[in-house]
Amino acid sequence: MIQTRRRFGQHFLEAAWVTKIINSLGATANDTFLEIGPGRGALTRPLAARAGRVIAVEIDRDLAGLLTEQRITNVRVVEGDFLEVDLAATLRDEPHPIRVVGNLPYNVSSPILFALLRAADEGRLFSDATLMLQKEVADRLVATPGSKDYGVLAIQVTLLADVERLLTLPPGAFRPPPKVTSGVVRLRFRPPHVDVGDPRIFERIVRGIFLQRRKTVSNALRSVADSLGRSAPELLERARVDGTLRPEALSLEEIARLSRAVL
């Protein structure tokens, strides 16, 4: 029997919840899926029965070997860390766009999210991703301006994807049960709805102002504006943004205007 490995954040889904997630995917024979962290194959097997093809990336060599030994005809197992896999090479011969599904290890969920956003190519490589995350991360993903969970993650993800919450799972949905509640969200990748100018400047502004989210935008912007060779009052005036607001009150469009004002 293969034991769970704590360093990989492994928790395996119970059958009833597997069914709910599989049904939420609406997979067809025309779909190719990239599965992140298939584990023992609880999702892989029923997904393969509905989808055309599944490419399963598994970091645990024992679990990857176990899944390979099952010889599911339309499943290709790739052993490796998803964050280190060359996706372009791995998926070169697969029909695009590809759909993504995964039960993400809680300790690396944010890096995987950002890797997917970069790789999605505005929906050309990945059309959508259905992901299981810690509920607190899911809350931050679906947060809207003005809410306490709204911040860097929501802004950077919603720039490139539409996000919806699908399910909330209690700890008892897994074996062994984690200490947290989980959430399933779906990201639908697309081109950005707003022009942010230089994406690197946009990211610096987002991170800069939300590091000081208890301050007004005017005060929170000061340090990052100075580092970009601008003043906070200058950027606020050019972007037509109210500096007396708190960062969480700013819309994506307002932050994009601040970014463009630097140029």
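Sorting check: for 149-155, 65-71, which peptide has the highest mean count of neighbouring beta carbons within 10 Å, and how do the rest follow? Please list the in-between numbers first.
Numbers: 149-155: 20.3, 65-71: 13.9.
Highest-to-lowest ranking by the protection proxy: 149-155, 65-71.
Springs between Cα atoms under 10 Å define the GNM used for the chain, and in it the highest mean-square fluctuation of Val157, Val78, Val108 occurs at Val108. For percent of Cα pairs over 26 Å apart, computed directly from the structure shown, the correct entry in (i) 36; (ii) 42; (iii) 45 is (iii). The label point for Asp62 and the one for Arg238, both projected 7 Å from the Cα toward the Cβ, are 5.7 nm apart. Rounded if a/c is under 1.5, else prolate if a/b is larger than b/c, else oblate: which is the stretch 199-262, with a ≥ b ≥ c the root eigenvalues of its Cα gyration tensor? Rounded, since a/c falls under 1.5.
Annotation for Lys20 and Asp149: the two label points, set 7 Å from Cα along the Cα-Cβ direction, are 1.6 nm apart.
Its Kirkwood hydrodynamic radius, worked out from the mean inverse distance over all distinct Cα pairs, puts the stretch 143-263 at 15.6 Å.
In this simple spin-label model, placing a label point 7 Å from the Cα along the Cα-to-Cβ direction at both Lys215 and Asp162 gives a separation of 3.7 nm.
Using 0.36 nm per residue, how much length does the chain from Thr181 to Asp86 gain when fully extended, once their Cα-Cα distance is taken away? Mind dumping the intermediate values first?
On the way: separation 95, 0.36 × 95 = 34.20 nm, distance 3.15 nm.
Residue separation times 0.36 nm, minus the Cα-Cα distance, leaves 31.0 nm.
Between the residues Ile22, Pro111, Val217, the greatest Cα displacement towards the positive end of the dipole of the chain, with unit charges on the Cβ of Lys, Arg, Asp and Glu, is found for Val217.
Size descriptors for the stretch 1-142, from the alpha-carbon set: Rg then Dmax equal 14.1, 41 Å. Between Asp198 and Glu136, full extension at 0.36 nm per residue minus the direct alpha carbon distance yields a gain of 19.4 nm. Report the residues of the stretch 191-209 in range of a label on Arg246: point 7 Å along Cα→C-beta, backbone N strictly under 20 Å from it. Residues 206-209 qualify, since their backbone N sits under 20 Å from the label point.
In summary, the lysines within cross-link reach of Lys20, defined as a Cα separation below 26 angstrom excluding same-chain residues under 8 places away, comprise Lys135, Lys179. What the Cα convex hull of the stretch 173-212 gives, in volume per residue, is 149 Å³.
Among beta bridges from DSSP that stay inside the chain, the antiparallel ones total about 45%. For the chain, the longest principal axis of the alpha carbon atoms and the long axis of helix 15-25 meet at an angle near 60°.
All C-alpha pair distances within the stretch 153-194, sorted into 5 Å bins from zero, spread as 6, 20, 20, 16, 13, 12, 8, 4, 1 percent across the bins. Could you estimate the translational diffusion coefficient of the stretch 161-228 from the Stokes-Einstein equation, with Rh from the Kirkwood formula over C-alpha pairs, at 25 °C and 0.890 mPa s, in whole µm²/s? In µm²/s, the coefficient is 159. Taking the average, over residues, of other Cβ atoms within 10 Å as the packing measure, peptides 33-41, 250-258, 138-146 rank 33-41, 250-258, 138-146 from highest down.
Read-outs: derived from the displayed coordinates by stated rules, not from any lab. Keep in mind it's a predicted model, so treat the numbers as computed, not measured. Methodologically, a virtual Cβ is constructed for each residue, glycine included, from the backbone with ideal geometry; neighbour enumeration extends over all protein chains shown.
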